[in-house]
1. How would 134, 120, 81, 5 line up by accessible area, probe 1.4 Å, largest first?
2. Which distance in nm do the two modelled labels at residue 122 and residue 92 give, with both placed 7 Å along the Cα-to-Cβ direction?
3. Which FRET efficiency value, to the nearest 0.05, is calculated for residue 25 and residue 115 with the Förster distance at 22 angstrom and r the Cβ-Cβ distance?
4. Counting alpha carbon pairs within less than 8 Å and at least 6 residues apart, what relative contact order, in whole percent, applies to the chain?
5. Determine the gain in length on full extension of the stretch residue 108-residue 151; use 0.36 nm per residue of separation and subtract their C-alpha separation, reporting nm with one decimal.
6. With a 1.4 Å probe and all protein chains kept in place, how do 30, 142 rank by accessible area, largest first?
7. Using the 2.2 N^0.38 Å rule of thumb for compact globular proteins, work out how the chain stacks up: its C-alpha Rg over that value, please.
8. Leaving out ligands and nucleic acids, and using a 1.4 Å probe, what accessible area per residue does segment 70-115 come to in Å²?
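The values are calculated or read from the model by the stated rules, or taken from the named source; none is laboratory data. If you're wondering where the values come from, they're calculated on a predicted model, not measured in any experiment. Cβ placement follows ideal geometry from the backbone for every residue including glycine, while neighbour counts extend to all protein chains displayed. Remember, those area values only see protein heavy atoms, side chains included, never the ligands or the DNA or RNA. Shrake-Rupley method; radii C 1.70, N 1.55, O 1.52, S 1.80 Å.
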Amino acid sequence: MPPARYTTLSLVHLVATWWMVGMIWVIQAIHYPLFALVGDTYERYQQAHVDRIGNLVGLPWLVEGLCTLAVFAFAPTWRLRVLTTVAGLAMAGILLATVTVSAPVNGDLLDGFDQDLLDRLLVGNGVRTALWTRRGLLAGWITVEAVRLLAGGGAQTGASTGSRGERVGG
């Protein structure tokens, strides 16, 4: 993939990832804690949450996931391959926490508010928040590396960048 396209891909990845970072922080710091204050209409509120949240995060999360695969598959340097691998592992952790904690607990909360379930949701979502924040930082690093690569004229076969930015190798 030409460096300009890889840089564009990394920018789309960055935007989608930071959209999700922002969403997860709002959910963790504001939305989920407010569940305890809803009161008598909690079941309706929770159903509305479950019905609507997917519409808000579904497409950006899909774009983020596809971009994660693409920035890995087309990574032109060893450093970008390592960064995209770590970002992919964080995504796998997010998916695991979603499938094993967030989705099931949100489903259980449809039956009514339960503080123990909310506490479990906040802990599981805290893991997702930490992982998504790490992904956001990694997406930024990946984009910086892609821009550097573009500014430097693209990857050279058999060469890599040393720790101080000098070209080393064949």
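1. 5, 134, 120, 81
2. 3.1
3. E(calc), rounded to 0.05, equals 0.50.
4. With pairs under 8 Å counted, the relative contact order is 36 percent.
5. 10.4 nm
6. The residues order as 30, 142, largest area first.
7. Taking the Cα Rg and dividing by 2.2 N^0.38 Å, one obtains 1.26.
8. Accessible area per residue, segment 70-115: 49 Å².
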